[in-house]
Structures are given as structure tokens and as C-alpha cells.
Amino acid sequence: MAARIRDYLGSNAVQSALGQPAQAPPFAAADEIPLIEAALSRRTVLTTAGIAGALAAATVIADVTGAFGRGGGGDSPFGEPFPGTHHNDNTQSGNDPNSGIKTLTSEAPLPAQFSATLPIPKQLQPTRQTSDTDYYDIVQSAATAEILPGLKTPIWGYNGTFPGPTIVQNPGRNVVVTHRNNLPVPTVVHLHGGAIPHDSDGYPTDFVLPAASYGDFPAMPAMGDMPAMTDPQAVVTRQTRDYTYPTPPRAATLWYHDHRMDFTGASVHRGLAGFHLAHDAEEQELPLPQGSRDVPLMIVDRAFAADGSFRYPALDPAMRSTPGVDRDAGNGVMGDVILVNGAPWPAMKVDAARYRFRILNASNARTYQLALDDSTGFTQIGTDQGLLAAPQQLDAIALSPAQRFDVVIDFSRHRVGDRITLTNQLGSDSTGVVMRFEVARTATDTSSVPATLSTVDPIDPSSSVATRTMTFHRAGTDWEINGRVFDPTYSEADVRAGSTEVWTVTSDFHHPFHVHNATMQVVSRDGQDPGPYDRGWKDTVFLNKGEKVRIAIRFSDYKGRYVFHCHNLEHEDMGMMANFTIN
């Protein structure tokens, strides 16, 4: 089948280049679901247009908002705290990781802050179990949620909820999740941070198609100056797919979300995201807070239309054929309402005891700098890929999209009745506040934070088997890596399974850099030592505008085709993604 597709695409590429009509595919076996074919790939366009034309196109840089260009990062890299002052969301300050990104304004009446109670996502129970594997079922479906009082917000949710249910993966257990797509468009599920076989990683064109009644969908529709194209290697299923997640190498706060090609931003914005918490024996032996005092917090920002629906500036609200957002949202989409676990500026009643909070920034584009208004700060115990070697005290924590911080807050130092507000020092007005904790009662607390948490061996950069440079920049309406928009037929790097490489990543805007099926350690920022937010094993590293960050990347033993990309979801959808192949 793959060979026939390649032959068909090759012949049609030649015919299109000659101005001749493309031929229909001469195949359609009952067990093979062909995607709608497009004759020209981006590589074919460059070939037929000529080298000069390609170079000319690559040199066109459209600075739409005045936020581009090197040097904007200032003297303070992302590893250091940002200035702890509130400022306008749309500021052009070079140090502000949200500069140049427009904030949408809600049209619906908004509730008083702290009037909602913090919801906790339900833990999903397995439908069956074997000696080493837990099996789960999830249905992706449309639903409504009362996020704003008196209004119904249409959402797309895993099991119809936003956030989706939490999957807990216990030590030594494999997990298989069967996803059923009851939505009107294709979906793809990615377990963010997982070490996963390639056929379960959620490659962007590995669609789970909706019911046949919804029609056909192109793998990669045309967008802006990018032509439509197909992916001959895509593994496509109809309505259901089993995703297999082997026992992870260490405990970590992971999360799963939609990863459909060109439409990730819109899909996640509608609600397709949930927690996946992986445990191991090392973590379970520690006296950290647990049970009801181990709390996941998914932080997002949204804006609401007058009828309560999410405002999102999609070019195609039906998400069928035209990807992308309005031009003035090309730098990313932010909203003026902060939601935690799906509730606006919620309040949580707590014991006068220690709590562990697994904080996830699941926003499309917004970066936060979180702080407590009582100035007590946080004890950080973990990051994207699990526990730190030792705890560290932080007055504030900065999270770019997709990053996680695992922290302990000790409420025992407060009296019953005290209120502590979690603030966002990178926001103002409605985005300057996140949620509130209310100390409701005294309690017995046997938890503690030990001086040693885990073994985290630093990577010696000199032990890397290769060094590479990845340049993230904008060209016209496209977001590119090394001068290319995403092409599923091109591999930017061929790496050896289990190896370590050092990549230097440069940026002309604010980009959260995420690599699938790998873990990372920050080596340096602009030649300086990593900052306090860079410690531990990461899967997402923030690059501020104008920064050059050296990152040691350790690749999984699983072989196959994977991607790395910017986790500003609008950037990802507009081409800022690339393949790498593990051999």
C-alpha cells in the first residue's frame, strides 16, 4: 500500500508541476483508509519553484507586531525570575515572554473571583486488568459545561469532561488506553512526556477518523503559502485506536492532549487535555503529601463569547479543512479568564498542613510566573520528568506552555481562616490572579520533604555523540525550524536509540521547545549557567526572544519517526515542527 501511495504521489507531483490534472488514486482496499491526496509536497514546491525562489521566500520576514528580532531577551534569561511587577498583557517588553501575543477579551459577564470551588479531575478506573497491564476506555465527545454561572460552554472532552479524567500509572504496570472518537473531526492523542513506541506516540497525521458519515479529511490542508500535502507513512484508523504506554522510566506528572496535524491549538482549546500521573517505587517510599493532599492543577486561559462559548479566532471553526487563526492571532492565543481544572479563579479549602501540587500550564500560548501573596514561596520537588535530586526554595515559578512544576506548599504556618492567593506576576487585572487557598481546619500531618528526593545524574555534554543547531524563526505567515515548515517526509535529524546529543536552539520569538520520546537537561543559556527553573529532567524548555540555549537530549530506546516542535500551539499548527528519526 505504501509503495502504491508513493508511486501515485510521485506521478501526480510531476503532472502538477507540468500544469496537468492529477489522477485519482487507483486503490482503496477495504482495510485501508486512504486520506485525500494532494499532488504537491512542500519539497516538490521548492524543487519546481527553483532554488532562487526558495531562497527569496526564506528571506521574507514579516514582523507583524514588532515583536521579532534578536536581542529581545535582555540580560535576564528565562532561567532567572522575571521582574515581579504586574504589567499589561500586551506589553512589548523584551523580558516578557507574553509580549507580542494578543489577549482576547470576554464578552460574557464574568463571575467574582474565588466564587467557584476548585474541581478535582476524576481518576479513571480500568475496565480490565491483567498481570502487568491496566486497560482503560475513553470516549472523545462533545458536551457542555457550566464554567461561567448560568451559561453553557460547548466543549470537546475526554469522556465529555474538561479536563479529561486522570489516568494513574502505578509502578511496574503498563497502560493501554482505547480511545473512541465520537467527534466530527479526526483526532490524535499524544502522551506528553512519555517514552512510547512510535505507533502510540500520537504522530500528528496518525488520525483516528470520525464516523464515515462525516466525510473525508486531508492529512495536511493548504494553509497560507503552504500547499496541501499527504503523509504516506501515516497510520490511520476509523473511530477507535489503542494507545500502549509501557511502564515509564521514572515517576512524573505527564499529560495527554490532542495532537492533530494543523488543528492542535483549536482542539486543545476546546478541552482535549487531561493528566496522566506515573508513579514509581522510589517516589512512593518518600514521605511526601499524598491522597487528597496530592493535587493536580491544570492552568489555562480562555476568553468567552456572550453566549458562554470559548472565543477562538479559527479560520475554520468547524475544523475540517482550513487550519490557522486570524492574522492578528498568529503569535498565539491568550484569554482574559484564568481557569484551574476548568473553573474560573477557584478557591480551595485546605488543611493547615503540607500539600503537593502538580502544576501544569496547559495554555495555548500564555506563560505564567506564579507566586503566593503571603511571600512564603514554594518548595519545588519536581519538574516535567519527575523529581529533582533535592528540593529547592523558590519565591516564584515560571511556567511556559506544557511545562510542569511539582511543588509543596506548607499551610501549617497559617491560622484557620487565613486566605492565600496564587498570583500571576506576568499578568494584570483578571490575568494577575489564578486561585485562592482558604485554610479551613487544623489537621494532623505526618508528611515531610526530605533533603534527598531522587538520583538525577547530570549529563556530561562532552559525552554526546552529535551536536546540532535548531533555529526557530518566523518567515511570512509561517513559523519555521531551520528554514523549513513541517514536512512529514523530511527528517531534520537521524539519531541513535538511547544516545545523547547536544542541540543549540536559537529563537527570534518566545518558544517552548518540546521533544517527543526524549528527556533533556539545560546546559547553558546564552553561555551562562542554567537558571533555577531549568533544574532536573525536562521535556519542554522555554526560549525567550533572542536566546541561544544549549540542551543535552537523551533519546529513548524506542525506534521510529517522532517530532519536536514549539509548544505555543498556534506556532506548531503554522509549521513550527520537524521530524527526527530514532534508528
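Which percent of the accessible area of the stretch 117-246 is formed by carbon and sulfur heavy atoms (probe 1.4 angstrom)?
Values: 2420 of 4900 Å².
Solvent-exposed carbon and sulfur of the stretch 117-246 make up 49 percent of the total.
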Report task. Pop out the ³J(HN,Hα) list for the stretch 481-492 in order, Karplus 6.51 cos²θ - 1.76 cosθ + 1.60 with θ = phi - 60°, rounded to Hz; leave Gly and Pro as x. Result -> 10, 6, x, 10, 7, 4, 9, x, 8, 10, 9, 6
**Report entry** Karplus-derived HN-Hα couplings along the stretch 437-448 (A = 6.51, B = -1.76, C = 1.60, θ = phi - 60°), whole Hz, x at Gly and Pro
**Finding:** 9, 10, 6, 9, 6, 7, 6, 7, 9, 9, 7, 7
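Let's test the formula: R0 of 51 Å, r as the Cβ-Cβ distance of Ala466 and Thr442. What FRET efficiency results, to the nearest 0.05? Write out the running numbers ahead of the final one.
Numbers: r = 57 Å, r/R0 = 1.11.
The calculated FRET efficiency here is 0.35.
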Query raised in the report: Is the shape of the stretch 458-575 rounded, prolate or oblate, going by the alpha carbon gyration tensor and its root eigenvalues a ≥ b ≥ c, with a/c under 1.5 for rounded and a/b larger than b/c for prolate?
Result: oblate
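How would you classify the stretch 331-401 from its alpha-carbon gyration tensor, with a ≥ b ≥ c the square roots of the eigenvalues: rounded for a/c under 1.5, else prolate if a/b is greater than b/c, otherwise oblate?
In terms of gyration-tensor shape, oblate.
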Report summary line: Long-range amide H partners of Arg404, meaning residues 5 or more apart or on another chain whose placed amide H is closer than 5 Å, are Asp384
Report task. At 1.4 Å probe size, with every protein chain present, just tell me what the per residue accessible area of the stretch 99-192 comes to in Å². Result -> 42 Å²
Query raised in the report: How many nm separate the modelled label positions at Ala222 and Thr322, each set 7 Å beyond the Cα in the direction of the Cβ?
Result: 1.2 nm
Report task. Determine the per residue accessible area of the stretch 494-536 with all protein chains present and a 1.4 angstrom probe, expressed in square angstrom. Result -> 27 Å²
Report task. Any of Lys349/Lys548; Lys102/Lys152; Lys122/Lys559; Lys538/Lys559; Lys152/Lys545 with alpha carbons more than 32 Å apart? Name them for me. Result -> Lys349/Lys548; Lys122/Lys559; Lys152/Lys545
Requested in this report: Report the local net charge at Asp384: Lys and Arg +1, Asp and Glu -1, summed over other residues whose C-beta lies under 14 Å from its C-beta.
Outcome: +3
Query raised in the report: Where both partners of a DSSP beta bridge lie in the stretch 453-505, what percent of those bridges are antiparallel, to the nearest 5?
Result: 50 percent
Query - Paramagnetic label zone (point 7 Å from Cα along Cα-to-C-beta, Ser141; backbone N under 16 Å) in the stretch 177-205 - result: 178-185
Query - Within the stretch 110-124, backbone nitrogen closer than 19 Å to the virtual label 7 Å beyond the Cα of Asp294 toward Cβ - result: 120-124
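Rounded to the nearest 5, what is the percent of antiparallel bridges among the DSSP beta bridges in the stretch 430-583? Don't skip to the end; give the middle numbers.
Details: 34 of 45 bridges.
Just about 75 percent of them are antiparallel.
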Query raised in the report: For Phe509, which sequence-distant residues (separation of 5 or more, or a different chain) have an amide H within less than 5 Å of its own amide H, given hydrogens modelled in the peptide plane?
Result: Gly546
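Can you give me the % of accessible surface on the stretch 318-360 that is carbon or sulfur? Probe 1.4 Å, all protein chains present, nothing else counted.
Numbers: 450 of 970 Å².
Ligands and nucleic acids excluded, carbon and sulfur give 47 percent.
Within the stretch 510-583, list the GluC sites (Glu not before Pro) lying in a DSSP loop whose Cβ has at most 12 other Cβ atoms in a 10 Å radius.
On the way: sites: Glu547, Glu570, Glu572; in loops: Glu547.
Those that pass, being in a loop and sparsely packed, number zero.
Using the Cα gyration tensor of the stretch 335-481, with a ≥ b ≥ c the square roots of its eigenvalues, what is the shape: rounded (a/c below 1.5), prolate (a/b larger than b/c) or oblate (neither)?
On the way: a/c = 3.07, a/b = 1.35, b/c = 2.28.
Because a/c hits 1.5 or more and a/b fails to exceed b/c, the stretch 335-481 counts as oblate.
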Query raised in the report: Taking H as built 1.01 Å from N, whose amide H comes closer than 5 Å to the amide H of Gly324, not counting residues under 5 places away?
Result: Leu315
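Can you tell me how much longer the chain between Ser213 and Arg554 gets when fully stretched, taken as 0.36 nm per residue apart minus their C-alpha distance, in nm with one decimal?
Values: separation 341, 0.36 × 341 = 122.76 nm, distance 4.35 nm.
Between Ser213 and Arg554, full extension yields an extra 118.4 nm.
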Report summary line: With a 1.4 angstrom probe the carbon and sulfur portion of accessible area for the stretch 422-488, in percent, totals 46 percent
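The values are calculated or read from the model by the stated rules, or taken from the named source; none is laboratory data. Note that this is a predicted model, so its numbers are computed, not measured. No Cβ is skipped: glycine too gets one built from the backbone with ideal geometry, and neighbour counts run over all protein chains shown. Protein only, heavy atoms only, side chains kept; ligands, DNA and RNA dropped before computing areas. Shrake-Rupley method; radii C 1.70, N 1.55, O 1.52, S 1.80 Å.
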